Each structure stands twice: as structure tokens, then as C-alpha cells.
Amino acid sequence: DAILTPAPGKITFALGKRLLSGGLVASDEEVRDAMRAAFRYLKIVAEPGGAAALAAAIKGLPDEMRGKRIGVLVTGGNVDAEQFAAVLTR
């Protein structure tokens, strides 16, 4: 039933570890909620990995990010149509 990747790839994780100072997390259900919100309000078909940043932002930003400008990159359409339809109808 899961359509989400459980962990980042080896190359992605190595680059992130070297270049990033931290990260946010979102549950599978929060990602599905973000996919629905992106479609409903932004008219974007977002793949699960592409909706993860949006899910984390919707969930709530840490105090050190509040009041600052942030960017959220939502990517994709790289999602199976049947799986996407299932996410939308839940």
C-alpha cells in the first residue's frame, strides 16, 4: 500500500549530509495530505518525494525559520495515475 520511498538514496543522502545543515520530517500520511493540497489548491500533480517539503512546511516550521522567507520546491508528476487517484480519494 505504501507509495513512498522509505529512505533517501545513497548519493542523495551523501550530498545532503555534506551540503545541508538540517532537515524536516513528514509522515507518509502528511505527504499524502500535501499531495492532495497541492492538487486541490495549486493545481499541481506532485509525486510523493516532491510533496515531502510541502508536507513538512504545512506541518509547521521550526522556531528558527519562523518570520523568514523560505522556499518550498514541489516536484513532479512522476507518480502512477492509479496511485495518485487513490491518494486523492482518501
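The values are calculated or read from the model by the stated rules, or taken from the named source; none is laboratory data. Worth saying up front: this structure is predicted, and the values here are computed from it rather than measured. For neighbour counting, all protein chains shown are included, and Cβ atoms are generated from backbone atoms with ideal geometry for every residue, glycine included.
A few notes on this one:
- Here ALA51 meets each of (1) in a helix (DSSP H, G or I); (2) exposed (fewer than 14 other Cβ atoms within 10 Å of the Cβ) with one exception, condition (2).
- Of all residues in the range 4-16, none are touching an Asp or Glu at 6+ places or on another chain (Cβ under 7 Å), touching a residue at least 24 places away in the same chain (Cβ under 8 Å), at positive phi and assigned to a loop (DSSP other than H, G, I, E, B).
- Among the residues of the range 66-82, those identified as surrounded by 13 or more Cβ atoms within 10 Å (Cβ to Cβ) and either over 16 Å from the mean Cα position of the chain (by Cα) or modelled with pLDDT of 85 or more (or both) are VAL72, VAL74, THR75, VAL79.
- Considering residues of the range 37-58 that are over 11 Å from the mean Cα position of the chain (by Cα) and in contact (Cβ under 8 Å) with a residue 24 or more places away in the chain only, the residue farthest from ALA85 (Cα to Cα): LEU42
- Qualifying residue in the range 19-32 (condition: exposed (fewer than 11 other Cβ atoms within 10 Å of the Cβ), part of a helix (DSSP H, G or I) and at pLDDT below 90): yes
- Residue within the range 71-88 that is closer than 14 Å to ASP28 by Cβ, in contact with a Ser or Thr (Cβ under 9 Å, 6 or more places away or on another chain) and outside any loop (DSSP other than H, G, I, E, B) present: no
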